Structure formats: C-alpha cells, structure tokens
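Written below as structure tokens is the structure these notes are about.
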Amino acid sequence: MNNVALLFNGVWSHYVFATAPKYRDIYQLVYVHDLTDARLATMRALVIPFQSNQDAIAERKGVIYRFLAAGNTVFVEGDSRPDWLDAQWEDRPVNNYWWVEHPNNPPVADTNVQHPLFRGLQPRHACWHTHGAYTRIPSEARVVQRNGDGEIVSWETNQYGGCLFATTLDGIVEQGVQQITHLDNFCDNLTEWLSGVRPSRERMTIDPAAYGITTISR
Amino acid sequence: MLNIVVIHNGIHELELMFQPTAEASYTFVRTGPGFPERLAATLATADALLVPNGSDHVAMLDASNVVVEFLQAGKTLFCFDGWFTAWIPGNHWQMDNSRRTIEIRYQIGTDQHNILDGVAIDELIFNHGISGWWACGFITPAANAEVLLTDTWGRAMVVLDEATTPGRMILTSSGPLADFRYDGSNSNALSHLYRNLLEYSSQKIQP
C-alpha cells in the first residue's frame, strides 16, 4: 500500500521506523533531496520527522504546499523554520527523565484527547518529551497540546487545503531509537490517522536484513 | 591540531557541537546534489572525517569511494552514528531492540591505547538513573579491529579499526560524541571520550 511518504534525511532512526515490519508496508521513504510532486503523487500524507534537513525543505516547500492544496495531510515533528512554515518554533531544554523524578508532571499538561491522534491514549503515552515550543502559529490554526507553561506543543490547520499538523514531539525518531517502549501506542494512532490502516498490535520489531544495504531505492 | 571535516545534513544547531578548540578545527560539508565531489574536494586538506549522530547515510553511501580513498591515505574516520548503509569498510552496524535497555551495562574491552582513560563509564550507562540512553544496536567489527567497549551481552559498542585500511576508523554503535563544553558540560564522559579520541588521532598525523 505505502500511502504515507516519510521525508528522509538519511537519518538512521527514520530508516529503522520505516523498515520495521509493522510499518514498512505503510510508509515510503522519500529522500529529501529527491522530493518532487511526482514522488508524492500516490500518497495521501507526508511526514516530516524531527532531524529533518531544514535547508532542503525550504528549497522544496512548493511541493509541500501543492500537496496540501490537493487535500492531503502533512504531519511535522520537532523543529521547523519560518521560511517554510508560517509559525515560530523556539528551542527549550529537553526533559527525558521527568517520568523518574516527577512522574505526575509530564512536559505536556493539556491535550485535546478527542483528536484522533491522541484518542484512547494514556496521558504518558501522549507525551514522552518535547523539542521546543511554538510561540506563533498560523492565523486559523487550532491548538491541540500545550506544555505546563501554556506554550503550544501541537497545532493543526486546514487553511492550506488538507490538514497541516505540527508538533514538537518526535514520535517517529523515538520509535526508531526504541529506548521508549510505549511508543507503539502513539505511532499506531498516528499511522492509522495518516494512512487509514491500523498497524498490527504487536510491539515494533526490526528486520536485521534491512541493515548493511549496498543500494537504496531512490 | 586536527583539521576535521563534519558532515552536515541540515539538522538543527549541529554547528554548536563542533566549535573550534585548541585541539580541532572544523569544516562542514553539506549533503545534497554534488555531495561526493564536494566531500572529496574538502577532504583534500583534512586529517579526519566526522559523521555525527543524526547524519545522512544515503549521502555517505553515495560517497563511499571518497571515504575509502581517504582511509587509504592513512587518514581518520569518526562515525558516531548508526550506519545502516554499507559505506564503512569491513564493519557492520545494525539496529536491535531484542534486549531490554534496563539491563544495559558497558565494559571496557581491549583498549590497548588507553583511549578510555579517565572516562566515567557509568555516565555512558546511566543518565538520571536511566540505563541504555547512549548507544543503540550493535557493531559487528572487522577482523582484527579493536573493541574498546562492549555491552552486557558482549556486543561491540565502540570500535577502533586500524587493520582494515591504512587509516583508522573510530566507530560508536550510534552513540553520539562531541565536545559538549559549549553547553557547560565540561566533565561529561562524552566530551572526555571525544577529546581522548582527538588526542589519539592527533598522534597519528603524518608529518
């Protein structure tokens, strides 16, 4: 099927996620330097993960907004830049250990649990850590998550056609890293929302045959 | 002083981790169209190539011949990342999630050159009491490569390979290393290990 494009910066965690058996028939890696309208022609969603190439995205933002204008979904994680996203992202310290030191005080304080991305999730499954906050969002955007200081963590808008969702969470990268064991909950919700298909319930596994490759499809 | 070329794939604030010091100067090479040629030209005057955590291993596969040529000239490769493409001669990295991170502990391997001297191994294992935060997956090292650090199950986490090519390859199993003094982490084990690696590599510069 492979109807969700995962914009690929050659980063290992992106690769681990997209080649995992439970996700590999849904996501299609699209190397960021090869991003064109044609590469997205059969896709219904585009994921721009944390640790993306901000320069290359800015150079190709026309592809992204034409994809949105056609009614498709774009999902952005981590940091972004105002030269391709009409919003202001700012860095903040990352707290990876709140669940040890302050387990009742997660970095996200308020989540719209009616949103399909977060529906049915436990509060700790809706946030592991954040990479910064948004201090400005597009004029018609709706806030989906805020941190304890009231700053915006996640937002979405339909003002460009399809749904543009941005968050400072980094679910794709962290699911690839596999140091947080509950991320199947979030990533399976995300995958169903983007692709229309619910992945298998089992914990993500890794195919050793995907490593040490000498060619990669472009 | 080492002249180091760092691969830059446009991720946020990569430059902060590689600021010039008395031990090293840095030149960044951007990925994208023309990358292999750009890398080859920049490496002409470099002592070392550094592939940081979060790097682009599609670009590195495209430039694998450039890397081999650099190593054949006796130069140094640092890769502190998970190389899922086969651009590093003789050594293989793969991701694995079959072991529990709570059980991860590291042990010093052969370390014939005392590269781990003064490095607080516990800081590589634990962060705020949480284990398994640093490296991911494991390395299958080349024959005769030196394994500096292993994990609970004896798998290679840090490798020094001076056997496969005339140069040297210093590889982590995706564990990030840099000089983190820029953010005040002066005694951090990662910075300490990184500076030890720079010092060892500096000794290998041919006059």
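Since every read-out is calculated from the coordinates, none of them should be taken as a lab result. Small disclaimer: the values here were computed from a predicted structure and weren't measured. When we count neighbours, we look across all protein chains shown, and the Cβ atoms used for this are built from the backbone with ideal geometry, even at glycine.
General remarks:
- Fewest-first ranking of B:S98, A:S200, using other Cβ atoms within 10 Å as the exposure measure: B:S98, A:S200
- Over the residues of chain A, the helix contribution to mean residue ellipticity at 222 nm works out to -5500 deg cm²/dmol, using -39500 (n - 2.57) for each DSSP H run of at least 4.
- Tail weight of P(r) past 41 Å, computed on alpha-carbon pairs of the protein assembly as shown, percent: 13 percent
- Restriction of the chymotrypsin sites (Phe, Trp or Tyr not before Pro) in segment A:124-186 to DSSP coil positions whose beta-carbon has at most 16 other beta-carbons within 10 angstrom yields no sites.
- Summed residue charge, Cβ within 13 Å of A:M204's Cβ, Lys/Arg positive, Asp/Glu negative: -2
- Built amide H within the under 5 Å cut-off of A:V74, gap 5+: A:L46, A:C163, A:L164, A:F165
- Using the Cβ of B:Y106 as centre and a radius below 14 Å, the other residues enclosed give a net charge of -2, where K and R count +1 and D and E count -1.
- Under 17 Å of direct C-alpha separation, and excluding same-chain neighbours fewer than eight residues apart, B:K75 reaches these lysines: B:K204.
- Alpha-carbon centroids, segment B:147-173 and segment B:109-123: separation in whole Å: 13 Å
- Neighbours of A:R92 by Cβ distance under 10 Å: Lys/Arg scored +1, Asp/Glu scored -1, total -4.
- In terms of surrounding Cβ atoms within a 10 Å radius of their Cβ, B:L148, B:L2 rank from fewest to most as B:L2, B:L148.
- Packing-based ranking, highest mean first, of A:105-115, B:63-73, B:170-180 given that Cβ atoms within 10 Å are counted: B:170-180, B:63-73, A:105-115
- Overall, the anisotropy analysis places segment A:50-151 in the prolate class: the square-rooted eigenvalues a ≥ b ≥ c of its C-alpha gyration tensor yield a/c not less than 1.5, with a/b exceeding b/c.
- Sorted into 5 angstrom bins from 0, the C-alpha pair distances of segment A:4-210 split as 1, 7, 16, 21, 22, 17, 11, 4, 1, 0 percent.
- Couplings 3J(HN,Hα) of segment A:161-166, computed from phi: x, x, 7, 10, 10, 10 Hz, in residue order, whole Hz [Karplus 6.51 cos²θ - 1.76 cosθ + 1.60, θ = phi - 60°; x for Gly and Pro].
- Listed values for segment A:197-203 are Karplus-derived 3J(HN,Hα) couplings in whole Hz (6.51 cos²θ - 1.76 cosθ + 1.60, θ = phi - 60°), namely 10, 7, x, 4, 6, 5, 4, and x replaces Gly and Pro.
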